[in-house]
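Undergrad: I am attaching a structure below and will ask some questions about it afterwards.
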Amino acid sequence: MTIETLIGYLGLLGGLVLLIRLALSGVNIILAALLSAALVILTNGLPIAAGLGEYFSFGPLGAFTFAGKFFLLFAAGAMFGRVMGESHAASSIAMALVRKLGAQRVLWIAVMAASLLTYGGVVVFVVIFAMYPLGLKLLEQADVPKRLFCAALALGSGTYTLTALPGTPSIHNVIASVALGTDLFAGAWLGLLGGLIMFGLGMWYLERQRLLAARHGEGFTPGPMDHSLNSDPGEEHYPSWPLALLPPLVVLGTILLPRLVTLALGDDAANHALLAFANSQPVVWPSLALMGGTLLCVLLFRELRGKALHTVGQGTQDSIMPLINTAAVIGFGGVVTHTEGFQQFVQLMLDAPLPPLLSMFTSISMISAITGSASGGLQIFMSTMADGYLAAGIAPGTLHRLATMAAGGFDSLPHCGAVVAMLTITGLSHRQAYKDVGVVTVVIPVIATLFCMGAAGLWA
């Protein structure tokens, strides 16, 4: 190994460690991503202009490539979240749920609602925006720390519904299906087993933390951006809960309708232009649904009349920091994938004298950890390494499910784009909330994946 190669490897590791360290220390995530990317560029001999101007900014995993693709979704989600909060519609729904189910079940409500949405095909970012205004009032009523609500959202929307449950329409499941020629239900029994472990351990952890927080006197504290609580007029001024429920139902119904109609009609659905458009636009279609929900809120709730444009404009402004923060972290992954050390790592793992399943788990876990993206890590793995593991004797269905589950473990380190977005949206720092998020999105999925790997090895 030459000194240049060694420096490159140390630079890759140092960049990742620096990004995680700065994020946990509360340093602005945009600055942290830029500094970490610069370290990787300099130590790996990448051209500075291309590294910052192309790989970080405009490459396939570039910051502005991501921002451009998801801007409309972030803006529409923030608009809807703002009008649901300002109209107190979210508070009305939350109070109805508290009366029906009890405030102590707030974490169960959050996990199950997020699970249903993501398993129905709703993008994770949409789930965060849609659930947060509702969750605020639930948390206030139950006096549960906001950090646990973040973890509940992460468990329901970012673990088993994306990687484990068979049939999920998530991009992760689709990437594996396209690459391996399998269907979305491949490795179904492994997925069900893994999903059950993730859900069971996750809920056990969340409820344990809720009880510990209550015992230590830790309760709900609203953040400076939690507008709907700062100006709460009292329950007597809320809209009725059936009326308040109408906008989110319209949003979710609009998002899910094309998928449901397609399932019902099969190939005949492709003949309908609107359905074909909706099914081909995983970002634009839910954005339009959220905008429709925003318009419906303006029409239904008198609190918004006379200030509709101002309120919606504030919602648009709310979307900027979550979008840019997330994009900056994605850009770091874009730089990493262009280094020679990263390419050598891919080949090293293929040639390593490890059992195929263990080698596969290590490979995809490392790639997802470095890029901070399960979908990005899975896409790189499938395009560069999957054929080698098929040749090593892993069945396509088994590789599909276990690789997808493995991608959803170490991707959720502190520099993960979805984690950064969620913390920014909820107004929490890594120091405040990441420990709980990390347990349910990293530790528990890794345990579940390893258990399923053992089961697959025994079954084979």
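The values are calculated or read from the model by the stated rules, or taken from the named source; none is laboratory data. Because the structure is a prediction, the values reported are computed rather than measured. Cβ atoms come from the backbone with ideal geometry, glycine included; neighbour counts cover every protein chain shown. Quick note on the areas: whole protein, heavy atoms, side chains included, nothing else; ligands and nucleic acids left out. Shrake-Rupley method; radii C 1.70, N 1.55, O 1.52, S 1.80 Å.
Undergrad: Which residue out of Ser280, Ser287 is hydroxyl-bearing (Ser, Thr, Tyr) and surrounded by fewer than 22 Cβ atoms within 10 Å (Cβ to Cβ)?
TA: Exactly one of Ser280, Ser287 is hydroxyl-bearing (Ser, Thr, Tyr) and surrounded by fewer than 22 Cβ atoms within 10 Å (Cβ to Cβ), namely Ser280.
Undergrad: Looking at segment 313-321, can you tell me whether even one residue there is closer than 30 Å to Gly454 by Cα and surrounded by fewer than 21 Cβ atoms within 10 Å (Cβ to Cβ)? Spell out how you get there, then give the answer.
TA: So in segment 313-321, the residues closer than 30 Å to Gly454 by Cα come out as none.
No, because not a single residue in segment 313-321 is closer than 30 Å to Gly454 by Cα and surrounded by fewer than 21 Cβ atoms within 10 Å (Cβ to Cβ).
Undergrad: Out of segment 37-79, which residues are among the aromatic types (Phe, Trp, Tyr) and either modelled with pLDDT under 85 or not in a helix (DSSP H, G or I) (or both)?
TA: Phe56, Phe58, Phe66, Phe70, Phe74
Undergrad: Do we find that Val298 is surrounded by fewer than 22 Cβ atoms within 10 Å (Cβ to Cβ) and assigned to a helix (DSSP H, G or I) in this structure?
TA: It is true that Val298 is surrounded by fewer than 22 Cβ atoms within 10 Å (Cβ to Cβ) and assigned to a helix (DSSP H, G or I).
Undergrad: So, one more: Taking the options Met360, Met366, Met405, name whichever one is open to solvent by 10 Å² or more (accessible area, probe 1.4 Å) and at pLDDT 80 or above.
TA: Met366 is the lone residue from the list that is open to solvent by 10 Å² or more (accessible area, probe 1.4 Å) and at pLDDT 80 or above.
Undergrad: Is one or more of the residues making up segment 129-138 modelled with pLDDT under 75, under 24 Å from Thr161 (Cα atoms), open to solvent by less than 20 Å² (accessible area, probe 1.4 Å) and in contact with a Phe, Trp or Tyr (Cβ under 8 Å, 6 or more places away or on another chain)?
TA: Taking every residue of segment 129-138 in turn, at least one turns out to be modelled with pLDDT under 75, under 24 Å from Thr161 (Cα atoms), open to solvent by less than 20 Å² (accessible area, probe 1.4 Å) and in contact with a Phe, Trp or Tyr (Cβ under 8 Å, 6 or more places away or on another chain).
Per-residue answers, yes or no, for (1) more than 22 Å from Arg431 (Cβ to Cβ); (2) open to solvent by 80 Å² or more (accessible area, probe 1.4 Å); (3) more than 25 Å from the chain's Cα centre (by Cα):
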{"position": "Arg21", "(1), (2), (3)": "no, yes, no"}
{"position": "Ser25", "(1), (2), (3)": "no, no, no"}
{"position": "Leu34", "(1), (2), (3)": "no, no, no"}
{"position": "Thr43", "(1), (2), (3)": "yes, no, yes"}
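Undergrad: Residue by residue through segment 62-86, note down the ones that are of a type outside the set (S, T, N, Q) and open to solvent by 50 Å² or more (accessible area, probe 1.4 Å).
TA: Start the filter on segment 62-86 by keeping residues that are of a type outside the set (S, T, N, Q), which leaves 62-64, 66-86.
Passing the criteria: Phe64, Gly68, Lys69, Phe71, Leu72.
Undergrad: Can you report the number of residues in segment 323-367 which are over 19 Å from Phe56 (Cβ atoms) and either assigned to a helix (DSSP H, G or I) or touching a Pro at 6+ places or on another chain (Cβ under 6 Å) (or both)?
TA: Of the residues in segment 323-367, 19 are over 19 Å from Phe56 (Cβ atoms) and either assigned to a helix (DSSP H, G or I) or touching a Pro at 6+ places or on another chain (Cβ under 6 Å) (or both).
Undergrad: Do any residues in segment 449-460 that are open to solvent by less than 20 Å² (accessible area, probe 1.4 Å) have Cβ atoms under 8 Å from those of residues that are assigned to a helix (DSSP H, G or I) and hydroxyl-bearing (Ser, Thr, Tyr), where the two are at least six apart or on different chains, and which pairs are they?
TA: The qualifying pairs are Ala456/Thr398.
Undergrad: Follow-up question, since we're still on this one. List pairs: first residue in segment 34-47 and within 24 Å of Ile324 (Cβ to Cβ), second residue open to solvent by less than 30 Å² (accessible area, probe 1.4 Å) and among the hydroxyl-bearing types (Ser, Thr, Tyr) anywhere in the structure, Cβ distance under 8 angstrom, at least six positions apart or on different chains.
TA: Val40/Thr339; Leu46/Thr339
Undergrad: Could I ask something else about it? Take the conditions touching a helix residue (DSSP H, G or I) at 6+ places or on another chain (Cβ under 7 Å), buried (at least 22 other Cβ atoms within 10 Å of the Cβ) and on the phi < 0 side of the Ramachandran plot and apply them to Pro396. Does it pass?
TA: No: the conditions fail for Pro396.
Undergrad: Still on this structure: Taking the conditions exactly as written (at pLDDT 80 or above, open to solvent by less than 10 Å² (accessible area, probe 1.4 Å) and within 26 Å of Met198 (Cβ to Cβ)), does Val111 satisfy them or not?
TA: Answer is yes for this residue.
Undergrad: Same structure again: Which numbered condition in (1) under 29 Å from Ile20 (Cβ atoms); (2) crowded, with 24+ Cβ neighbours inside 10 Å is the only one that Gly293 fails?
TA: All conditions pass for Gly293, except number (1).
Undergrad: Let me ask something additional. Return only the number of the condition from (1) of a type outside the set (Phe, Trp, Tyr); (2) within 20 Å of Ile175 (Cβ to Cβ); (3) in contact (Cβ under 8 Å) with a residue 40 or more places away in the chain; (4) surrounded by fewer than 20 Cβ atoms within 10 Å (Cβ to Cβ) that Asp387 does not satisfy.
TA: The one condition Asp387 does not meet is (3).
Undergrad: Consider Gly102 against the criteria (1) within 24 Å of the chain's Cα centre (by Cα); (2) surrounded by fewer than 17 Cβ atoms within 10 Å (Cβ to Cβ); (3) under 30 Å from Gly219 (Cα atoms): it satisfies all of them except one. Which criterion is unmet?
TA: Status for Gly102: all satisfied but (1).
Undergrad: Further question on the same structure: Kindly establish whether Trp241 is open to solvent by 60 Å² or more (accessible area, probe 1.4 Å), touching a helix residue (DSSP H, G or I) at 6+ places or on another chain (Cβ under 7 Å) and either at pLDDT below 80 or at negative phi (or both).
TA: It is true that Trp241 is open to solvent by 60 Å² or more (accessible area, probe 1.4 Å), touching a helix residue (DSSP H, G or I) at 6+ places or on another chain (Cβ under 7 Å) and either at pLDDT below 80 or at negative phi (or both).
Undergrad: Could you check how many residues of segment 423-434 are open to solvent by 10 Å² or more (accessible area, probe 1.4 Å) and either of a type outside the set (A, V, I, L, M, F, W, C) or under 9 Å from the mean Cα position of the chain (by Cα) (or both)?
TA: 7
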